[in-house]
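Worksheet: one structure, shown below.
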Ligand SMILES: Nc1ncnc2c1ncn2[C@@H]1O[C@H](COP(=O)(O)OP(=O)(O)OP(=O)(O)O)[C@@H](O)[C@H]1O
Ligand SMILES: [Mg+2]
């Protein structure tokens with residue numbers, strides 16, 4: 001008998017068919033340090049999740065598991081129905097769009113913006129190909145246009161501002177038409193206008209029924225785009241609360257997560273928080 005009971009691990013489970021992410025009792029340890037412990041989490045196709053928690057809580061570690069960049073030390077992770085450790089990561093990764101500061105740092109400054117976006121479809125970063133398909137180039141331009149960056153298409157990536165780079169990387173994350181979109185602090189470093197613009201664009205994307213399941217990591221409740229459905233709060237590598245956004249984003253839960261008494265305000269789809 002397998003650990004799945006009577007079924008063999010290769011048989012799809014009809015109850016799990018819509019699960020984009022499934023983690024069971026996951027921990028990640030590095031030497032004596034526990035980065036994540038006891039995390040069980042399911043994300044369905046039509047869900048949009050926000051992950052909140054203080055610095056060092058384990059948010060990026062969780063997202064890297066969901067991006068198939070990392071294996072758990074214990075527990076199991078299944079992404080898009082494929083169990084990590086039993087699947088070809090090179091086939092799995094292109095199905096997942098991931099946007100993070102670590103990726104931004106890997107893009108060579110001389111790379112042209114359009115190439116940064118189009119190369120995602122070829123699983124490349126910072127490599128120039130002889131030629132890309134015309135249809136792929138057209139898609140890259142469309143995505144740049146959607147995110148308000150089309151007029152920057154010919155610019156070297158290194159000449160862009162922080163906020164402009166973030167937007168290009170979101171276009172890149174969407175390039176390969178991913179089934180799962182992972183965004184690690186996409187609003188960090190943006191000015192107020194840039195943040196509001198990004199929140200509005202992510203909200204539009206969230207409300208698009210054809211958009212991929214999404215997970216957004218942030219430190220700030222102000223950055224939760226309207227239309228996001230679920231939330232997880234992390235502290236010290238453990239889950240404080242998870243579930244429907246409105247159940248999870250409470251004064252009590254946020255105060256516990258961030259370790260200070262907080263007052264939370266909700267108005268017209270947007271949250272804000274300050275010390276009580
Ligand atoms: N290889 C490693 N060895 C030891 N500790 C590590 C290692 N990688 C990460 N950590 C620690 O694990 C914890 C979680 O890191 P992680 O990057 O997931 O946090 P985070 O929630 O994304 O924080 P931030 O909000 O600052 O981005 C941190 O305390 C970090 O120092
Ligand atoms: Mg992080």
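The values are calculated or read from the model by the stated rules, or taken from the named source; none is laboratory data. Quick caveat, the model's predicted, so the values are computed rather than measured. Every residue, glycine among them, receives a Cβ derived from its backbone with ideal geometry; neighbour counts consider all protein chains shown.
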- request: Just name the residue that is nearest to the chain's Cα centre (by Cα) out of those in region 41-97 that are within 11 Å of ligand 1 (Cβ to nearest atom), over 18 Å from residue 245 (Cα atoms) and in a helix (DSSP H, G or I).
  value: 63
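Take residue 231 and decide whether it is modelled with pLDDT of 95 or more, buried (at least 19 other Cβ atoms within 10 Å of the Cβ), over 24 Å from residue 149 (Cβ atoms) and within 15 Å of the chain's Cα centre (by Cα).
Here the answer is yes, as residue 231 does meet what is asked.
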query: On the given criteria, is residue 176 farther than 30 Å from residue 275 by Cβ and away from ligand 2 (no atom under 16 Å from the Cβ)?
result: yes
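Which members of region 176-198 meet the condition of being in a helix (DSSP H, G or I) and crowded, with 22+ Cβ neighbours inside 10 Å? Break it down into steps so the answer makes sense when it comes.
Within region 176-198, the subset in a helix (DSSP H, G or I) is 192-198.
Selection gives 198 alone.
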query: In region 14-35, is there at least one residue being within 25 Å of residue 271 (Cβ to Cβ), in a strand (DSSP E or B), touching a residue at least 12 places away in the same chain (Cβ under 8 Å) and within 15 Å of ligand 1 (Cβ to nearest atom)?
result: no
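Looking for something at pLDDT below 90 and over 26 Å from residue 60 (Cβ atoms) - is there at least one such residue anywhere in region 108-129?
yes
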statement: Just one listed residue, out of 239, 215, is farther than 27 Å from residue 168 by Cβ and either touching a strand residue (DSSP E or B) at 6+ places or on another chain (Cβ under 6 Å) or within 15 Å of ligand 1 (Cβ to nearest atom) (or both), and it is 239
- line: Across region 212-260, the tally of residues that are assigned to a strand (DSSP E or B) and on the phi > 0 side of the Ramachandran plot stands at 1
- request: Return yes when residue 189 is within 16 Å of ligand 2 (Cβ to nearest atom) and either touching a residue at least 40 places away in the same chain (Cβ under 8 Å) or under 15 Å from the mean Cα position of the chain (by Cα) (or both) and no when it is not.
  value: no
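Of all residues in region 50-66, how many are surrounded by fewer than 22 Cβ atoms within 10 Å (Cβ to Cβ) and within 10 Å of ligand 2 (Cβ to nearest atom)? Spell out the reasoning first.
Let us first name the residues in region 50-66 that are surrounded by fewer than 22 Cβ atoms within 10 Å (Cβ to Cβ), namely 54-56, 60-61, 64.
Then drop every residue that is not within 10 Å of ligand 2 (Cβ to nearest atom), which leaves 55-56, 60-61, 64.
The number of residues fulfilling the criteria is 5.
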Condition check for residue 259: surrounded by fewer than 19 Cβ atoms within 10 Å (Cβ to Cβ) and closer than 28 Å to residue 35 by Cα: yes
- request: Could you pull out the residue among 69, 82, 47 that is surrounded by 15 or more Cβ atoms within 10 Å (Cβ to Cβ) and within 16 Å of ligand 2 (Cβ to nearest atom)?
  value: 69
message: Among the numbered criteria (1) more than 14 Å from ligand 1 (Cβ to nearest atom); (2) out of contact with any helix residue (DSSP H, G or I) (no Cβ under 8 Å at 6 or more places or on another chain), which one does residue 226 miss?
response: (2)
task: Would you mind stating whether residue 153 is under 22 Å from residue 60 (Cα atoms) and either within 16 Å of ligand 1 (Cβ to nearest atom) or touching a strand residue (DSSP E or B) at 6+ places or on another chain (Cβ under 9 Å) (or both)?
output: no
field: Where a residue in region 94-114 is farther than 16 Å from residue 163 by Cα and its partner, wherever it lies, is surrounded by fewer than 16 Cβ atoms within 10 Å (Cβ to Cβ) and at pLDDT below 90, with Cβ under 6 Å and at least six apart
entry: 94/123; 106/125; 108/126; 111/126
- request: Restrict the check to region 139-150 and report whether at least one residue is part of a helix (DSSP H, G or I), in contact (Cβ under 8 Å) with a residue 60 or more places away in the chain and more than 18 Å from residue 94 (Cβ to Cβ).
  value: no
message: Testing residue 204 on (1) within 24 Å of residue 226 (Cα to Cα); (2) part of a helix (DSSP H, G or I); (3) at pLDDT below 90, one condition comes back false. Which one is that?
response: (3)
message: Only one of 38, 109 is more than 16 Å from ligand 2 (Cβ to nearest atom) and either surrounded by 22 or more Cβ atoms within 10 Å (Cβ to Cβ) or part of a loop (DSSP other than H, G, I, E, B) (or both). Can you tell me which?
response: 109
